[in-house]
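One structure is given below, encoded as structure tokens.
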2 protein chains.
Amino acid sequence: MADSAGSQAGSRKAPLSRELVLSTALALVDAEGLDALTMRRLGQELDRDPMSLYRYAANRAALLDGVSELVLDELAIFPDDPDWQSQLRKIAHDLRLLALRHPNVVPLLVTRPLSTPLGLRPLGTLRPLEQILALLIEAGFTPAVALHVYRAYYGFLYGHILNELQEYIVDPDENEAILRLGLHRLPAKSFPHLRALGPVLADYDGAAELDQGLAILLSGLAGQLSAGQRESPS
Amino acid sequence: MADSAGSQAGSRKAPLSRELVLSTALALVDAEGLDALTMRRLGQELDRDPMSLYRYAANRAALLDGVSELVLDELAIFPDDPDWQSQLRKIAHDLRLLALRHPNVVPLLVTRPLSTPLGLRPLGTLRPLEQILALLIEAGFTPAVALHVYRAYYGFLYGHILNELQEYIVDPDENEAILRLGLHRLPAKSFPHLRALGPVLADYDGAAELDQGLAILLSGLAGQLSAGQRESPS
DNA sequence: ACAAATTCTCTACACTGTAGACTTTATGCG
DNA sequence: CGCATAAAGTCTACAGTGTAGAGAATTTGT
């Protein structure tokens, strides 16, 4: 039948591999959102039968895990900077940018681990944790304390990302319109402060906001480092 | 046909209302998870045709929004305590407990707002924001600064909750087994620190962890309050 | 008691993930 | 080379999903 006329004028019939599957899945999610990632649709994107995908991901959930692992792999952590604080700052900004690059994947990043016990998560997902632990221990924290620090730090970081993505609106032209329109809907009586903050809400600087939060957190953590060396005594 | 033999020996045929629909939806999610909440299943739970639900929620997404709104309504904020710090601490713990009470809803809480511009969210969802803003402004923060503080605070809070739920495992007996089993799977070479932390990971005290993080955050914020009164200068 | 509005139900359709059997293609070995 | 074996890809089918649209049942107003 003719030439099968593949989707993207690509190489006739690419050999198909886990990486290829996952990366087209990611592209699809980036372009059209999570709901667009169905087996049939992905199969069509790869010009293959949907069923062939099951050779590279046990089921849809596993495929989603694969996608978030793939995204997290974009986060490179170099332990070159000796100052742990500036290092944490750098990772934070890297992760922020990564989230902005793949906003549709963020729900996965945040949600998938909730249904998978820590030890059984895809390895790529655990790498940042391990590396940050290494970094903190290197910086002089007790392993146990390092874990606490990691939790505070990563917790804050994920929280910030969620916050920022919530207020992020794609088209900056529509931004003010939608925002004001939305706020206008709020009953003035019960939401006076929120409504008054309309203009401030409109120009949100995520990077600055993140830096500000980090400053607070890191100063607090530095305090812990000097004072709380004798932790986990029992 | 007998007596239609309803599901739960309940009152013959309850009149059905938005609240009833949402609360049974919540109960279902609490008991069996998000995936169990399908229109058909919920209809069956209420002993009604699935289609009747559309009178109380425009579609499934709206129903999910309704559920998260319902959950957030459980969070009562009383502005009685004059000390804003202890007030924030109380809210934090309340929200934490709420999350532990409805772990299956947390993904909704975190995820739904990402697909809804701020101004168009269910009102119940915005109430905490408004109330905390009021609290902070009352405490002496500039409205603009109050917004920043709110973001740092709530960001951290959501982050903590996600962290805690990730490490939370239902059956404490299986806990250690699963955990160790999971960790054992990790290649010792690339994950030395994580593996070494097994025991520490096993006994996680969420409340303490939260308090610790809050202490760090609040001390930093208090600094901002005294020093940074001249914010948003332009 | 009748009309109007509300609420609930039925049927149907397009779409989902995926089990199981089958066909095609690649690979190893004499 | 030829054939056995394995791997990769495909086809069909099924149970389940959300929800549009028309209809039936019920409640309400007068």
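The values are calculated or read from the model by the stated rules, or taken from the named source; none is laboratory data. What you are looking at is a predicted structure, and each value in this text was computed from that prediction instead of being measured. A quick note on method: Cβ atoms are made from the backbone with ideal geometry, for glycine too, and the neighbour counts reach across all protein chains shown. With ligands, DNA and RNA removed, areas are computed over all heavy atoms of the protein, side chains included. Shrake-Rupley method; radii C 1.70, N 1.55, O 1.52, S 1.80 Å.
What to note about this one:
- Filtered by the rule that a residue be surrounded by 15 or more Cβ atoms within 10 Å (Cβ to Cβ) and more than 16 Å from DNA strand C (Cβ to nearest atom), segment B:28-49 gives B:L28, B:V29, B:D30, B:L37.
- Pair list, Cβ < 9 Å and 6+ apart or interchain, from segment A:100-127 residues that are in contact (Cβ under 8 Å) with a residue 60 or more places away in the chain and more than 7 Å from chain B (Cβ to nearest Cβ) to residues that are open to solvent by 30 Å² or more (accessible area, probe 1.4 Å) and small (G, A, S): A:N104/A:A31
Yes/no matrix, rows are residues, columns are (1) modelled with pLDDT under 85; (2) not assigned by TED's automatic domain parsing to the domain that holds B:H93:
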residue: B:V145; (1), (2): no, no
residue: B:F156; (1), (2): no, no
residue: B:L186; (1), (2): yes, yes
residue: B:L194; (1), (2): no, yes
residue: B:P199; (1), (2): yes, yes
residue: B:L217; (1), (2): no, no
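- Flag: A:L162 matches the condition of being crowded, with 20+ Cβ neighbours inside 10 Å and out of contact with any Asp or Glu (no Cβ under 6 Å at 6 or more places or on another chain).
- Any pair with Cβ under 6 angstrom, 6 or more apart, that starts in segment B:42-55 at a residue that is within 16 Å of B:P15 (Cβ to Cβ) and ends at one that is more than 8 Å from DNA strand D (Cβ to nearest atom) and not in a helix (DSSP H, G or I): B:G43/B:D49; B:D47/B:G6; B:D47/B:S7
- Among residues of segment B:57-81, those that are touching a residue at least 12 places away in the same chain (Cβ under 8 Å) and open to solvent by 60 Å² or more (accessible area, probe 1.4 Å), counted: 4
- Against the list (1) buried (at least 16 other Cβ atoms within 10 Å of the Cβ); (2) over 17 Å from the mean Cα position of the chain (by Cα); (3) modelled with pLDDT of 90 or more, the condition A:G182 fails is (3).
- Residues located in segment A:76-115, provided they are more than 10 Å from the chain's Cα centre (by Cα) and closer than 30 Å to B:L34 by Cα: A:T111, A:R112, A:P113, A:L114, A:S115
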